[in-house]
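*Asks:* One structure is given below, represented as structure tokens, and several questions about it will come after.
The values are calculated or read from the model by the stated rules, or taken from the named source; none is laboratory data. This one's a predicted model, so the numbers in the text were calculated from it and none came from an experiment. With ideal geometry, Cβ positions are generated from the backbone for all residues, glycine too; neighbour counts draw on all protein chains shown.
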Amino acid sequence: MSRVFIHGGTVVSATGSQLLDVLIDGETIAAVIQPGSTVLGADLAANADVVIDATGKYVIPGGVDAHTHMQLPFGGTEASDTFEIGTRAAAWGGTTTIVDFAVQKLGERVQDSLAAWHGKAAGQCAIDYGFHQIVGDVNAESLKGMAELVSEGVSSFKLFMAYPGVFYSDDGQILRAMQTAGDLGAVLMMHAENGIAIDVLIEQTLQRGDTAPYFHGTSRPWQLEEEATHRAIMLAQVTGAPLYVVHVSAKQALEQIAQARGNGQNVFGETCPQYLYLSLEEQLGAPGFEGAKWVCSTPLRARAEGHQDELWRYIRTGDVTSVATDHCPFCMKDQKELGIGDFSKIPNGIGGVEHRMDLMFQGVKDGRISLEKWVEVCCTTPARMFGMYPRKGVISPGADGDVVIYDPNGHTSIGVGKTHRMNMDHSAYEGFDIDGHVDTVLSRGRVIIDGGQYLGSTGHGRFVKRGLSQNLI
Ligand code: URP
Ligand code: ZN
Ligand code: ZN
């Protein structure tokens, strides 16, 4: 068991920042102490096996990305990052825990789909991981299975109001699943877009001959995100289930969430860096088929309509409670290309698990959020939201030794051939320059990134058996 001593840095939490030293003993944080103090009867630096000088740097909890899709079968292909490659990329970017999604297809048992996802991830991950369960076939058996899953550490369930014929649930199914989640104290996650109406718009758009990636965005208008979000909130209110609306991109949907929260309802908003930085006009509207790189759902929104600025504002107000990536990478070659001539056949998803901590730190540098808010939305609240706190998401005695040393004076150039460890032939953030850098990453007390080197190993990451949410009002 090794002892790691981190000294000289500013420890940042969701509530404040302070010059503090950190001692990790084995896999867990043993002490967080005033600089120079000697506790545990010894000179910590002298007795540590590893000493890290964090002078001038931030010492933050390892990032918790509560929305990823490694190896997801979707859109006629499979997300291009394996658990091995994707979790290694996450580590490079300062994320030490992911929560991925097991997928129940029509006709399957939820227990069997969870077992299949355990099979994909076990022994493969560089960092710790948990699972949410997608319930793609809400029926009496799946509803019973939800209770079993909660007891196995899978305490959140995602439903889809989008993708009819694939993952879609109708309002009756949603109501039943919410009743069950409410009874169990589990979180109901919702992909809130009116998929039935969207399918009509897609059909009409293609009939007009509008086949380019840009029209993926215009056939999923914000009104159909707002409407579905409102409906989900009302169904959650009737059932008492906690509702977590994933990948929100429309400011109007967030207004619905803010209102519900104002009324005291357990409703939470998640957004992703792509919705904060990228847009319908600039990315989806790129020439030719380029825009396919940014086809995801909910779609990127028009900058002219002010969604991006409003989303940043809703992070500040606390109505966006978490920032995740919805990491769902596909290569252009052979994957996104499936939709040449028909945008509806482009696999939906953007990869970004490697860049979330950096992109959100840029928000600190740009004066959009505070340092503490950065840690809150990227580390602490996701851990609390999904029943992993205080083991994850905080630097305090007893927590796992998941720590990132972040250099606010460093620099990160995002792009293929620069910082790109994901299995994608392009970067959604190509050319982005970040005024900060992930220097060192520890996962359960082990240094896995340092000095520009990966020091971790496949299989180091363990399944996190989660409890119930600690974030409810
Ligand atoms: O486009 C997306 N978001 N792909 C991943 C699946 C989902 O809906 O989260
Ligand atoms: Zn979704
Ligand atoms: Zn997703």
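*Asks:* Can you confirm whether the stretch 10-23 contains a residue that is crowded, with 20+ Cβ neighbours inside 10 Å, more than 27 Å from the chain's Cα centre (by Cα) and free of Cβ contacts under 8 Å to residues at least 24 places away in the same chain?
*Replies:* For the stretch 10-23, residues crowded, with 20+ Cβ neighbours inside 10 Å, more than 27 Å from the chain's Cα centre (by Cα) and free of Cβ contacts under 8 Å to residues at least 24 places away in the same chain: present.
*Asks:* Where in the stretch 314-401 are there helices (runs of 4 or more DSSP H), lying wholly inside it, with at least 2 residues that are touching a Ser or Thr at 6+ places or on another chain (Cβ under 8 Å) and buried (at least 23 other Cβ atoms within 10 Å of the Cβ)?
*Replies:* Helices (runs of 4 or more DSSP H) meeting the threshold: 356-365, 381-385.
*Asks:* Residues being away from ligand 3 (no atom under 16 Å from the Cβ) and either within 23 Å of the chain's Cα centre (by Cα) or assigned to a loop (DSSP other than H, G, I, E, B) (or both): count how many of those fall in the stretch 292-313.
*Replies:* Going through the stretch 292-313 one residue at a time, the tally reaches 13.
*Asks:* Shifting gears a bit: Mind listing whichever residues of the stretch 227-253 are within 16 Å of ligand 2 (Cβ to nearest atom) and either over 24 Å from Q179 (Cβ atoms) or crowded, with 23+ Cβ neighbours inside 10 Å (or both)?
*Replies:* A228, T229, A232, L243, Y244, V245, V246, H247, V248, S249, A250, A253
*Asks:* Just to be sure I understand, how many residues within the stretch 55-68 are within 16 Å of ligand 3 (Cβ to nearest atom) and either in a helix (DSSP H, G or I) or over 13 Å from the mean Cα position of the chain (by Cα) (or both)?
*Replies:* 0
*Asks:* Going by the structure shown, is A46 hydrophobic (A, V, I, L, M, F, W, C), loosely packed, with under 15 Cβ neighbours inside 10 Å and in a helix (DSSP H, G or I)?
*Replies:* Criteria met by A46.
*Asks:* Go through E108, E193, E148, E152 for me and flag whichever is at pLDDT 95 or above, more than 16 Å from ligand 3 (Cβ to nearest atom), closer than 22 Å to C328 by Cβ and among the charged types (D, E, K, R).
*Replies:* E108
*Asks:* Does Q265 fit the bill of being part of a helix (DSSP H, G or I), surrounded by fewer than 24 Cβ atoms within 10 Å (Cβ to Cβ) and more than 16 Å from ligand 2 (Cβ to nearest atom)?
*Replies:* So Q265 fails the test.
*Asks:* Consider L284 against the criteria (1) within 16 Å of ligand 1 (Cβ to nearest atom); (2) more than 22 Å from F167 (Cβ to Cβ); (3) surrounded by fewer than 23 Cβ atoms within 10 Å (Cβ to Cβ): it satisfies all of them except one. Which criterion is unmet?
*Replies:* It fails just one condition, (3).
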